[in-house]
2 protein chains.
Amino acid sequence: MSARVPTAAPDTPVADLSQRLRGQRFDAADTVFVTDAEGRLLGTVGLPELIAGQGQTLAEVMSPVVGTVTPDTDQDELAALAMRCGMIAVPVLDAEGRFLGAVPPSELFRILREEHFEDLQHSAGISPHAEGPGASLNAPLSDRLRRRLPWLVFGLLASSLVTLVMVGFEEALEANVAVAFFVPALVYIAGAIGSQAVSVSVRALAEEKIEIGRLLRDEMIIGIGIGLSLGGLAAAGVQLVFGDALLSLAVGLAILCGGAVSAVVGFALPWAFDRLGADPALGSGPVCTVIQDAASLAIYFVSVSLFVL
Amino acid sequence: MSARVPTAAPDTPVADLSQRLRGQRFDAADTVFVTDAEGRLLGTVGLPELIAGQGQTLAEVMSPVVGTVTPDTDQDELAALAMRCGMIAVPVLDAEGRFLGAVPPSELFRILREEHFEDLQHSAGISPHAEGPGASLNAPLSDRLRRRLPWLVFGLLASSLVTLVMVGFEEALEANVAVAFFVPALVYIAGAIGSQAVSVSVRALAEEKIEIGRLLRDEMIIGIGIGLSLGGLAAAGVQLVFGDALLSLAVGLAILCGGAVSAVVGFALPWAFDRLGADPALGSGPVCTVIQDAASLAIYFVSVSLFVL
């Protein structure tokens with residue numbers, strides 16, 4: 001935040017303002033903040049309105065205040081507010097509503113950029129560094145390790161669930177070891193379809209109004225479309241290389257159903273996290289992956305049990 | 001871009017400028033662009049410098065031009081330039097170097113935000129929509145499907161490589177079917193460690209100067225640290241539940257070595273893509289995942305063959 005931004009009383013004539021400001025040192029001057037005698041923010045005047053205005057007072061040309069922050073507002077809230085309201089300078093008020101200063105465009109740019117990288121790291125399960133994602137590149141190795149381990153440990157524990165699914169179908173694996181060959185590819189495809197759905201969901205959550213019902217239905221249709229295409233391709237490949245029609249049917253069916261499940265789960269989880277007040281980017285973490293993996297493998301093994309055995 | 005931004009000749013006295021601009025309509029006025037008689041951009045004056053300057057001409061207070069774009073510059077280049085040079089309004093020049101207008105802060109904000117979501121979708125393998133990631137939410141279903149399928153089909157083909165690794169170790173799987181139980185968890189952990197390394201790499205690439213040697217070495221040390229922690233934990237879990245010391249050793253060793261490989265590959269690939277002029281976000285795609293999966297499983301099966309069989 002910078003306190004060196006222009007402020008003026010509402011009865012100041014527009015024509016006098018440039019004379020009054022002249023000679024002062026500002027960090028940013030694209031917006032004039034109109035305050036009353038107690039320092040309460042009444043409105044803002046953008047520079048273009050100031051230049052265009054003739055023979056009027058600031059009160060006549062000013063815009064209403066669309067959003068303000070306090071000195072302890074989170075950077076991500078600040079960035080979201082600036083975006084939503086199209087502000088290029090965000091006013092900062094104290095607890096009593098008095099104007100303290102503003103976050104200028106250059107600082108907003110820096111925040112947006114840091115938020116971008118923090119989002120990337122957060123969705124990969126790296127705990128944020130207090131001084132931003134850039135600082136973490138130079139943090140001690142032990143510190144960097146500490147910020148990466150917790151999510152991975154949680155993921156490892158969560159993935160025991162998928163191991164349990166495998167153990168549950170030991171019989172199918174013992175009857176025909178070729179059944180195991182396709183496990184990594186199935187897990188990979190479920191994850192890839194899910195990642196796409198997560199990124200679509202995170203984008204949708206940034207909209208003012210989300211038609212969650214329509215988008216979820218769309219995602220299911222797209223998931224089935226993807227599942228049909230990839231499942232068909234995979235089934236053809238398995239038939240061609242292994243010459244086992246029933247196994248190829250099981251692989252195809254697992255990709256078809258697993259793809260649809262992954263798309264829906266990948267889309268719904270970030271939305272659910274957002275509703276619970278958590279970061280939607282968490283939707284791409286272990287919870288999502290484990291559900292997708294377990295579902296895909298369960299569908300696969302049930303198909304295998306029905307067809308192959 | 002907006003052409004409605006203030007321009008002035010270099011010999012304009014600072015004191016006269018506000019009078020000259022008065023009454024004109026601008027889209028943004030935070031920067032005055034100083035041009036010569038042919039319309040060539042000579043320098044820029046930020047509003048704070050203009051207000052502070054007394055009795056000088058624009059030529060005396062203006063800053064040199066640090067970066068310009070042409071009307072057909074890509075949005076991502078534009079955003080990167082604005083970031084790198086700390087500009088809040090980016091001048092747009094024609095092929096002859098004549099000033100056409102500027103991209104104002106509000107538009108830069110919009111572009112940065114779109115770039116953020118485009119990055120997310122790109123790294124999930126969704127081809128960009130010409131009108132930005134927001135537009136794609138309302139595109140016809142067939143169009144959305146078309147932009148998601150290619151990367152998944154490529155991923156499916158690439159994952160046959162991992163299937164080949166499985167086929168190559170058929171003997172190990174046949175000798176002890178429990179060996180297959182840990183395949184999904186190993187693949188998951190390799191991917192999770194790799195995703196973290198990719199996000200660190202993408203962040204590092206945004207720095208002006210990258211100490212690629214040091215960061216790669218750090219990543220290897222962190223990868224080994226993560227591998228030791230998770231490998232130890234997993235080995236203890238396998239020993240506890242399955243009571244098979246050699247199998248637990250193989251699982252632990254696969255996570256240790258696979259983790260180190262995944263960290264290094266996840267860090268190096270985005271950097272390599274960047275060097276080749278491609279989007280570093282591609283580093284999180286199938287190429288990276290398939291290398292990590294294949295390496296982790298190969299290490300696992302070699303350990304299994306050495307210890308268990």
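So the values come out like this:
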| quantity | calculated |
| --- | --- |
| Residue check for B:A204: closer than 22 Å to A:T163 by Cα, in a helix (DSSP H, G or I) and in contact with a Leu (Cβ under 7 Å, 6 or more places away or on another chain) | no |
| Candidate set from region A:29-53 (those that are at pLDDT 80 or above, in contact with a strand residue (DSSP E or B) (Cβ under 9 Å, 6 or more places away or on another chain) and assigned to a loop (DSSP other than H, G, I, E, B)); member that is nearest to the other protein chains (Cβ to nearest Cβ) | A:D30 |
| Out of A:L249, A:L256, A:L282, sole residue that is crowded, with 16+ Cβ neighbours inside 10 Å, free of Cβ contacts under 8 Å to residues at least 40 places away in the same chain and away from chain B (no Cβ under 12 Å) | A:L256 |
| Which listed residue is over 27 Å from the mean Cα position of the chain (by Cα), crowded, with 24+ Cβ neighbours inside 10 Å, in contact (Cβ under 8 Å) with a residue 24 or more places away in the chain and assigned by TED's automatic domain parsing to the domain that holds A:A235, from A:V165, A:V183, A:V200 | A:V183 |
| Failed item in (1) under 23 Å from the mean Cα position of the chain (by Cα); (2) of a type in the set (K, R); (3) in the same structural domain as A:V66 (by TED's automatic domain parsing); (4) more than 24 Å from B:E114 (Cα to Cα), with A:R110 passing the rest | (4) |
| Any chance A:L78 is within 16 Å of A:A28 (Cβ to Cβ), within 11 Å of chain B (Cβ to nearest Cβ) and under 22 Å from the mean Cα position of the chain (by Cα) | no |
| Helices (runs of 4 or more DSSP H) contained in region A:81-182 and holding at least 2 residues at the interface with chain B (Cβ under 8 Å from one of its Cβ atoms) and either among the polar types (S, T, N, Q) or at positive phi (or both) | A:105-123, A:141-168 |
| Residue in region A:6-15 that is under 33 Å from the mean Cα position of the chain (by Cα), surrounded by 16 or more Cβ atoms within 10 Å (Cβ to Cβ) and within 14 Å of chain B (Cβ to nearest Cβ) present | no |
| Flag if A:G231 is part of a helix (DSSP H, G or I) and farther than 19 Å from A:V198 by Cβ | yes |
| Single condition A:R203 does not satisfy, out of (1) more than 9 Å from chain B (Cβ to nearest Cβ); (2) closer than 19 Å to B:R147 by Cβ; (3) at pLDDT below 90 | (1) |
| Cβ pairs under 9 Å, 6+ apart, first in region A:70-98 and assigned by TED's automatic domain parsing to the domain that holds A:T44, second of a type in the set (S, T, Y) and in a helix (DSSP H, G or I) | A:G86/B:S106; A:M87/B:S106; A:I88/B:S106 |
| Any chance B:L157 is closer than 30 Å to A:L205 by Cβ, among the aliphatic types (A, V, I, L, M) and modelled with pLDDT of 90 or more | no |
| Flag if A:R217 is under 30 Å from B:D119 (Cβ atoms), without any contact (Cβ under 8 Å) to a residue 12 or more places away in the chain, more than 7 Å from every other protein chain (Cβ to nearest Cβ) and part of a helix (DSSP H, G or I) | yes |
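The values are calculated or read from the model by the stated rules, or taken from the named source; none is laboratory data. Keep in mind that this is a model prediction, so the values were computed, not measured. Here Cβ is always computed from backbone atoms with ideal geometry, including for glycine, and neighbour counts include all displayed protein chains.
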